[in-house]
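Asker: Have a look at this one before I ask anything.
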Amino acid sequence: MLKRQYLIIAIPVYNDWGSLAILLREINHVAANRDLHLHVVIIDDGSTQSCSMIREEVQGLIHIERIIVLHLACNLGHQKAIALGLAYINKNFKFDQVIVMDSDGEDRPDDILRLLDEHRQSPNAIIFGRRTRRSEDRIFRFFYVLYKIGFRLLTGAEISFGNFALIPAQMLKRIVYLPEIWNHFAAGIIRSRLPWQALSTTRGRRYSGQSKMNFVSLIVHGMSAISVFIEILTVRLILGSLAIILLGVLGFIALLYIKYFTTLAIPGWATSVAIGLVLVMFQAVILLSLLTFMVLNYRANKLFIPVKDYADYFFGVERLR
């Protein structure tokens, strides 16, 4: 007989209380099919609307034992909200697994059971839900593909999933010490080299409203993911700068050799090319210096450790049921 599992679902929310109410009803329906001790932790990311608007709606969700709301003092963004929520859960709950999911319905509640089934096959791994289809317009999807390609080129890693994930209790105890998850949850896990695997899932439909992920937010999101690999990125840029300097030196030497050691004619624009090469090399040297000081400064600064610093951001804790 299988042991009854203690499962916590962590959901970051910013003013999307209507969608959250629908999500909680569907989670309650899914939980009816499993013998679970199910708790929901909502991370209120500095919402300007009160969560009290859904208090009555959640009272009849009999398969969810407890619903609490962690109020953050200000809007920090989903990634930081997730890091703070996980740190709070690690400190204040006893559980077997934590599932992180969005509140808008694009992470389907039915896939919670699939994550749990996959967890039984790989109990020591973090299980991510990898969306096999995206529903945005073609322009967004085009730039999203460019983002994934750029991420791979700049960091040497591949990222093809978001926040939807199952985390075993023993893994969360390590995750909350990772400063990288403060900027980007999924990229932080990849950077940590903790065991993980991805399960293909279908993107659900939004319950209401429009996605907050537009072109600008995609760029910010991508920069946050890349920043997790700042040291690797810096080394790659340093090597690129050195390559530019080397090519410039070789080009300059080639011009001098042709001018003074061969009988080949030198075009009149050769001087302009030489000056251009010197300028490019000078800019590469400046970039090289800036990158070196940047990575030294990064390593000298105190890093944000979620499990140690999370309490500074909480405004209060509220129980809905």
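Asker: Name, by its number, the condition in (1) at pLDDT 90 or above; (2) farther than 23 Å from ASP117 by Cα; (3) surrounded by fewer than 16 Cβ atoms within 10 Å (Cβ to Cβ) that does not hold for LEU178.
Answerer: Only one criterion in (1) at pLDDT 90 or above; (2) farther than 23 Å from ASP117 by Cα; (3) surrounded by fewer than 16 Cβ atoms within 10 Å (Cβ to Cβ) is unmet by LEU178, namely (3).
Asker: Checking the conditions here, which among ARG152, ARG131, ARG114 is among the basic types (Lys, Arg), buried (at least 16 other Cβ atoms within 10 Å of the Cβ), out of contact with any His (no Cβ under 8 Å at 6 or more places or on another chain) and closer than 20 Å to ILE189 by Cα?
Answerer: Details: ARG152 fails: buried (at least 16 other Cβ atoms within 10 Å of the Cβ); ARG114 fails: closer than 20 Å to ILE189 by Cα.
Just one listed residue meets the conditions, ARG131.
Asker: Given the conditions (1) under 24 Å from ASN124 (Cα atoms); (2) surrounded by 23 or more Cβ atoms within 10 Å (Cβ to Cβ); (3) polar (S, T, N, Q), and given that GLN5 satisfies all but one, which numbered condition is not satisfied?
Answerer: (2)
Asker: So GLY156 passes all but one of these: (1) free of Cβ contacts under 8 Å to residues at least 60 places away in the same chain; (2) at positive phi. Which condition number does it fail?
Answerer: In the conditions (1) free of Cβ contacts under 8 Å to residues at least 60 places away in the same chain; (2) at positive phi, GLY156 misses (1) alone.
Asker: Can you say whether TYR88 is in contact (Cβ under 8 Å) with a residue 60 or more places away in the chain and farther than 21 Å from ASP117 by Cα, as far as the supplied structure shows? Full working, then the answer.
Answerer: Details: in contact (Cβ under 8 Å) with a residue 60 or more places away in the chain: yes; farther than 21 Å from ASP117 by Cα: yes.
Yes; evaluated as a whole, the condition is true for this residue.
Asker: Looking at the stretch 200-213, is at least one residue at pLDDT below 90 and under 30 Å from ILE305 (Cβ atoms)?
Answerer: yes
Asker: Does the stretch 110-122 contain any residue that is of a type in the set (Ser, Thr, Tyr), farther than 26 Å from ARG25 by Cβ and modelled with pLDDT of 90 or more?
Answerer: Within the stretch 110-122, the first condition is being of a type in the set (Ser, Thr, Tyr), and the residues that meet it are 122.
Still in the running and farther than 26 Å from ARG25 by Cβ: 122.
So of that shortlist, the ones also modelled with pLDDT of 90 or more come out as 122.
So far as the stretch 110-122 goes, yes, one or more of its residues are of a type in the set (Ser, Thr, Tyr), farther than 26 Å from ARG25 by Cβ and modelled with pLDDT of 90 or more.
Asker: If you don't mind, another one. What number goes with the only condition from (1) outside any helix (DSSP H, G or I); (2) at pLDDT 90 or above that SER135 does not pass?
Answerer: Only one criterion is unmet by SER135, namely (2).
Asker: Something else: Just one of ALA169, ALA73 is aliphatic (A, V, I, L, M) and either modelled with pLDDT under 85 or under 21 Å from TYR14 (Cβ atoms) (or both); which is it? Outline the logic, then answer.
Answerer: Details: ALA169 fails: either modelled with pLDDT under 85 or under 21 Å from TYR14 (Cβ atoms) (or both).
Result of the check over ALA169, ALA73: ALA73.
Asker: Inspect all residues belonging to the stretch 181-201 and state whether any of them is charged (D, E, K, R) and buried (at least 17 other Cβ atoms within 10 Å of the Cβ). Full working, then the answer.
Answerer: Narrowing the stretch 181-201 to residues charged (D, E, K, R): 191, 193.
Those still in the list that are buried (at least 17 other Cβ atoms within 10 Å of the Cβ) too: 191.
Checking the stretch 181-201: at least one residue is charged (D, E, K, R) and buried (at least 17 other Cβ atoms within 10 Å of the Cβ).
Asker: Continuing with this model, one more query. Kindly check whether there is at least one residue in the stretch 157-174 that is loosely packed, with under 15 Cβ neighbours inside 10 Å and within 15 Å of the chain's Cα centre (by Cα).
Answerer: Yes, some residue in the stretch 157-174 is loosely packed, with under 15 Cβ neighbours inside 10 Å and within 15 Å of the chain's Cα centre (by Cα).
Asker: Scan the stretch 28-44 for residues that are within 14 Å of GLN97 (Cβ to Cβ) and of a type in the set (Gly, Ala, Ser) and report the count.
Answerer: So the answer is 1.
The values are calculated or read from the model by the stated rules, or taken from the named source; none is laboratory data. Since the structure is predicted, the reported quantities are computational estimates derived from the model, not experimental observations. All Cβ positions, even for glycine, are placed from backbone atoms using ideal geometry, and neighbour counts span all protein chains on display.
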